[in-house]
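Input: a single structure, listed below in structure tokens.
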Amino acid sequence: MKLSIIIPTFNEENYLPHLLESIKRQDFRDYEVIVADAGSTDSTRNIAQEFGCKIVEGGLPSVGRNRGADIAQGTYFLFLDSDVILTRDYLDLCVDEFQKRELGIAITQIAPLSDSFLNKITHDFANFFMRKVEKIKPHGAGCYGIVTTKKLHQEVEGFDEDLDFGEDTDYIERIGAISQFKVLRSPKLLVSTRRLQEEGLRNVAFKYAKSTFYQFRGKQITAEDLDYTFGHPDTKRIIYSVCGEGMGHAIRAKVLLHHLTQKNEVHIFASDRAYTYLSQHFDNVYEIGGFNTVYEDNTVQNTKTFIKGMKDLPGDLKKSLRLMYSVAKAVKPQVIISDFEFYSNLLSKILRLPLISLDNMHVLTQAELDVPSKFRTERIAAEGVVRSFIQMPTFYLITSYFYPPLKNPEKSKYFPPVLREAIMNLKPYNGEHVLVYQTSDSNVKLLDILKQFDDEFIVYGFHQEGRDENLQFKNFNEDEFFQDLARARAVIANGGFTLISEALYLGKPVLSVPVKKQFEQILNAIYMDRLGYGEFHQDLEEEDIANFLSRLEEYRKNIDLTFQHDNNQAILGELDSLLDKYA
């Protein structure tokens, strides 16, 4: 592959087709086209796919260009803005002149996509200026097209992603310092005059004159200094970040994001399983690092969890926070919503943006809890983790099916559990089987106990299919799981908030055996037991299951009398209200 053409985009459906069509018309054929998209909400990605482009996640132009370069196969790189058009034989002329002059970095000359005499004069002057200063100082911008080699790009470690303006000139200068820079004479790019039309010639000329003046003096200038933005719809702009531990956070987020994305521009960050799940349902989802708990023998291994977290943190922190920061600088969000996700908390402090905490975890820190003293060690550890993940948000939205008194009701508020529409549409009845769900597959002892009964158990969480006596093992399939839950006469599970909430909504008593040392699960189970919705056991024996199954009618009546839900209406209304207030 001789040439890789790399194009950063964000909502460019009106411009990108013209560029891609002009590339397609070139006689030069030894190229690939890579579109680095910063979470477009229009048809930009679909257009790129129709033209056979490779697509990667982008961000600010510097981030997009680097991500595109990471997968590029070409010997030479051509970086183009999405609103330019190639003139006839542009690629042949560009590559040929670049090679013959033995250059390391180059830009091409430009002509306006306009018949205006004033526009033609200004672009001719820009070309003249660039040619005159090429020997004094390597200089240029992305709108001119930037040509270099893969080797030199890697040598200077790409574009500086910490710059939100002038990153193209900085890149040209750094490569020009170790190789030869020229303005190519033969090829010409046709460039859009949309910024001239939107802001006026005088304003644009002032901004670029100011930036050039700074850059020739060796000083950096920011987009904020120039009041420069990268374009986004005129809607509320939100960053929504989701913890990838388990599936509960992702399931809740999908429901709320379905509502938020109807009227707002939302950029979603998630790790692990949450990223995989949400990226199947939303377009602008970015993968970040996350923290994961280590389980052994149905017990949290705190030391191993800590060691793993500390080992992964430096790399994850740099990669994740840089990605989030670059997207944030491009789209300029007004509010950050975090479902117990660590890096969004840091981003809110860096950018000084309102942070809305939305999860079930903060009942641990924001409520007056009544918990037996034997769980004191686990409680202190859990509260420490929760406080370290989210610090001083603007407001706490806490989902829960139990409601101990809040310490600061002016800054925090309870809501019923967020439920999926698929759950709320189920028609539950009490069948013959008991549904068993385990967070990890380490609780082998439970399976031996269940085999002592005549009852039928459908078991999820052990990553296997098939039957073993009265146990029917299934791999997770959402639709099948819903039906098994709706037809179950009871549920045996750990202490995961989402499954307990869904079971209670469907009127199913729950026997909870929380993962040991996982205080959030222990707390869920304690209050579920106190409300008479089922039972909490730290260690499960055969007689515990027998007793639980004998009292199902009692538990069903309690659920029917006191469990309340409003089909998510209260929390959706509160979210809209907070966005109106803080955005």
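Filter the stretch 156-199 for residues that are more than 22 Å from Tyr15 (Cβ to Cβ), hydroxyl-bearing (Ser, Thr, Tyr) and modelled with pLDDT under 90; which is surrounded by the fewest Cβ atoms within 10 Å (Cβ to Cβ)?
Of everything passing the filter in the stretch 156-199, Ser186 is surrounded by the fewest Cβ atoms within 10 Å (Cβ to Cβ).
So, in the stretch 70-92, how many residues would count as being at pLDDT 95 or above, of a type in the set (A, V, I, L, M, F, W, C) and over 13 Å from Ile146 (Cα atoms)?
Qualifying residue count for the region: 2.
Given the conditions (1) open to solvent by 60 Å² or more (accessible area, probe 1.4 Å); (2) farther than 24 Å from Ala546 by Cα; (3) not polar (S, T, N, Q); (4) not in a loop (DSSP other than H, G, I, E, B), report the number of the one that Phe482 does not fulfil.
Only one criterion in (1) open to solvent by 60 Å² or more (accessible area, probe 1.4 Å); (2) farther than 24 Å from Ala546 by Cα; (3) not polar (S, T, N, Q); (4) not in a loop (DSSP other than H, G, I, E, B) is unmet by Phe482, namely (1).
So which helices (runs of 4 or more DSSP H) stay within the stretch 520-583 end to end and still have 2 or more residues that are closer than 27 Å to Val386 by Cα and at pLDDT 95 or above?
569-582
Across the stretch 338-388, which residue is farthest from Ala525 (Cα to Cα) among those that are of a type in the set (Lys, Arg) and touching a residue at least 24 places away in the same chain (Cβ under 8 Å)?
Only one residue tops the list, namely Lys349.
Just to be sure before I move on: is Val386 of a type in the set (Val, Ile, Thr), more than 15 Å from Leu504 (Cβ to Cβ), out of contact with any Leu (no Cβ under 7 Å at 6 or more places or on another chain) and modelled with pLDDT under 95 in the structure I sent?
No.
For Leu471, all conditions in the list (1) open to solvent by 10 Å² or more (accessible area, probe 1.4 Å); (2) in contact with a strand residue (DSSP E or B) (Cβ under 9 Å, 6 or more places away or on another chain) hold save one; what is the number of the exception?
Every condition holds for Leu471 apart from (1).
Does Val335 meet the test of being touching a strand residue (DSSP E or B) at 6+ places or on another chain (Cβ under 8 Å), modelled with pLDDT of 90 or more and open to solvent by less than 20 Å² (accessible area, probe 1.4 Å)? Spell out the reasoning first.
Working: touching a strand residue (DSSP E or B) at 6+ places or on another chain (Cβ under 8 Å): yes; modelled with pLDDT of 90 or more: yes; open to solvent by less than 20 Å² (accessible area, probe 1.4 Å): yes.
Answer is yes for this residue.
Select from the stretch 526-583 the residues that are within 20 Å of Thr498 (Cα to Cα), polar (S, T, N, Q) and without any contact (Cβ under 8 Å) to a residue 60 or more places away in the chain and list them in ascending order.
Across the stretch 526-583, the qualifying residues are Gln538, Asn558, Thr562, Gln569.
Does at least one position in the stretch 292-300 carry a residue that is surrounded by 22 or more Cβ atoms within 10 Å (Cβ to Cβ), at pLDDT 90 or above and not basic (Lys, Arg)?
no
The rows are residues; the columns are (1) over 22 Å from His433 (Cα atoms); (2) over 33 Å from the mean Cα position of the chain (by Cα); (3) open to solvent by 60 Å² or more (accessible area, probe 1.4 Å).
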residue	(1), (2), (3)
Leu511	no, yes, no
Lys516	yes, no, yes
Leu523	yes, no, no
Met528	no, no, no
Phe536	no, yes, no
Glu541	no, yes, yes
Ile545	no, yes, no
Phe548	no, yes, no
Arg551	no, yes, yes
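For the stretch 499-508, state whether one or more residues are outside any helix (DSSP H, G or I) and either of a type in the set (Val, Ile, Thr) or open to solvent by 70 Å² or more (accessible area, probe 1.4 Å) (or both).
No, that holds for no residue.
Being among the aromatic types (Phe, Trp, Tyr) and in contact with a Lys or Arg (Cβ under 7 Å, 6 or more places away or on another chain), is that true of even one residue in the stretch 510-519?
Yes, the stretch 510-519 contains a residue that is among the aromatic types (Phe, Trp, Tyr) and in contact with a Lys or Arg (Cβ under 7 Å, 6 or more places away or on another chain).
The values are calculated or read from the model by the stated rules, or taken from the named source; none is laboratory data. It should be emphasised that the depicted structure is a prediction, and the values quoted were computed from it without experimental measurement. Reconstructed Cβ throughout: ideal geometry from the backbone, glycine too, with neighbour counts over all protein chains shown. The protein model used for the area step is the full one, side chains on, heavy atoms only, and it has no ligands, DNA or RNA in it. Shrake-Rupley method; radii C 1.70, N 1.55, O 1.52, S 1.80 Å.
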